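**Q** Got a structure for you, written out below as structure tokens; questions coming shortly.
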Amino acid sequence: MNILVEGCVETIEECINAKRGGARRLELCDRLDVGGTTPSAALIESVQRNVGLPIMAMVRPRGGSFVHTAAELDQMRRDLDMVLSKNVEGVVIGILDDRNRVDTKRTAEFVRLAGNTPVTFHKAFDVIDDLSSALDDLMACGIKRLLTSGGKPTAAEGIEKLAMLVERSAGRIEIMAGGKVRGSNVRAIVEGAGLGEVHARVGGDETQIRSIVDALT
């Protein structure tokens, strides 16, 4: 199975572990204890020098709610400028409105500001009630990839919804499963939903990513 495994990482050590374990791309963040925030310029540069895997850089000012103030959105624009200046391969955002729907105005703006750099919408998606309409909104905004557990606590529980999203997307957006993806369940998730990519936390060594990669080969 030619499934891409993306490692979710916050330190240079985790990036190295992800590569050793067989990950082919990184979602690079700071503060994964609060769900991930924008990584520093120094960390991005260090990963580029020492690891060499494609970097999807998180652009998020804080943990917690995905509804952002004007000041936070301004910070996100500055963070976006910074990560783009480092020539990362992609950026990751997730902006909702005060009714927990995709903030289409701001999402489309960030896609426009990113230019030719592809934008992933992260698991903010999973707090939205109407996933079908939200997916349509993301495609209309120009989002290239969606990280989701199908609105469920874990990707294994969300297989049915993930399959629906894959079918509805019709190849217009990449659906990537994330949420407690493990070596023990990844094959069922991928085959059940018809996925081409999965996302998993790396942790203290390469073992978890390696188990996922091995299960897919």
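The values are calculated or read from the model by the stated rules, or taken from the named source; none is laboratory data. Treat the numbers as computed from the prediction; the structure is a model and nothing was measured. Quick reminder, even Gly has a Cβ in these numbers, built from the backbone with ideal geometry, and neighbours come from all protein chains shown.
**Q** Looking only at the stretch 190-206, count how many residues are charged (D, E, K, R) and either within 25 Å of I173 (Cα to Cα) or touching a Pro at 6+ places or on another chain (Cβ under 9 Å) (or both).
**A** Filtering the stretch 190-206 down to residues charged (D, E, K, R) leaves 191, 197, 201, 205-206.
Pick out the ones that are also either within 25 Å of I173 (Cα to Cα) or touching a Pro at 6+ places or on another chain (Cβ under 9 Å) (or both) and you get 191, 197, 201.
Of the residues in that region, 3 qualify.
**Q** Now, a different point. Quickly run through the stretch 63-91 and pick out the residues that are out of contact with any Asp or Glu (no Cβ under 6 Å at 6 or more places or on another chain) and of a type in the set (V, I, T). Before you say what the answer is, go through the steps one by one.
**A** Restricting attention to the stretch 63-91, the residues satisfying the condition of being out of contact with any Asp or Glu (no Cβ under 6 Å at 6 or more places or on another chain) are 63-66, 68-91.
Hits for the stretch 63-91 are T69, V83, V88, V91.
**Q** On the given criteria, is G150 at pLDDT 95 or above, crowded, with 20+ Cβ neighbours inside 10 Å, under 25 Å from V111 (Cβ atoms) and not aromatic (F, W, Y)?
**A** Working: at pLDDT 95 or above: yes; crowded, with 20+ Cβ neighbours inside 10 Å: yes; under 25 Å from V111 (Cβ atoms): yes; not aromatic (F, W, Y): yes.
Judged against the criteria, G150 is a match.
**Q** Restricting the search to the stretch 97-130, which residues are farther than 16 Å from E174 by Cβ and either touching a residue at least 60 places away in the same chain (Cβ under 8 Å) or hydrophobic (A, V, I, L, M, F, W, C) (or both)?
**A** V102, A108, F110, L113, A124, V127, I128 - these are the residues of the stretch 97-130 that are farther than 16 Å from E174 by Cβ and either touching a residue at least 60 places away in the same chain (Cβ under 8 Å) or hydrophobic (A, V, I, L, M, F, W, C) (or both).
**Q** I've got another one for you. Sort through V127, V102 and tell me the only one that's closer than 26 Å to E72 by Cα and either surrounded by fewer than 16 Cβ atoms within 10 Å (Cβ to Cβ) or among the acidic types (D, E) (or both). Give the steps one after another, and end with the answer.
**A** Details: V102 fails: either surrounded by fewer than 16 Cβ atoms within 10 Å (Cβ to Cβ) or among the acidic types (D, E) (or both).
Of V127, V102, the one residue that is closer than 26 Å to E72 by Cα and either surrounded by fewer than 16 Cβ atoms within 10 Å (Cβ to Cβ) or among the acidic types (D, E) (or both) is V127.
**Q** If you go through the stretch 156-171 one residue at a time, do you hit one that is aliphatic (A, V, I, L, M), surrounded by fewer than 15 Cβ atoms within 10 Å (Cβ to Cβ) and over 16 Å from the mean Cα position of the chain (by Cα)? Explain how you work it out, then say what you get.
**A** Of all residues in the stretch 156-171, those aliphatic (A, V, I, L, M) come to 156, 159, 162-166, 170.
Checking which are surrounded by fewer than 15 Cβ atoms within 10 Å (Cβ to Cβ) leaves us with 170.
Pick out the ones that are also over 16 Å from the mean Cα position of the chain (by Cα) and you get 170.
Scanning the stretch 156-171 turns up at least one residue that is aliphatic (A, V, I, L, M), surrounded by fewer than 15 Cβ atoms within 10 Å (Cβ to Cβ) and over 16 Å from the mean Cα position of the chain (by Cα).
**Q** Do we find that A114 is surrounded by 15 or more Cβ atoms within 10 Å (Cβ to Cβ) and modelled with pLDDT of 95 or more in this structure?
**A** On the way: surrounded by 15 or more Cβ atoms within 10 Å (Cβ to Cβ): yes; modelled with pLDDT of 95 or more: yes.
When the stated conditions are applied, A114 passes them.
**Q** Please list, ordered by first then second residue, the pairs with beta carbon atoms under 9 Å, 6 or more apart or interchain, first in the stretch 167-195 and within 16 Å of T217 (Cβ to Cβ) and among the basic types (K, R), second in a helix (DSSP H, G or I) and at pLDDT 95 or above.
**A** R182/Q208; R182/S211; R182/I212; R182/A215; R187/A215
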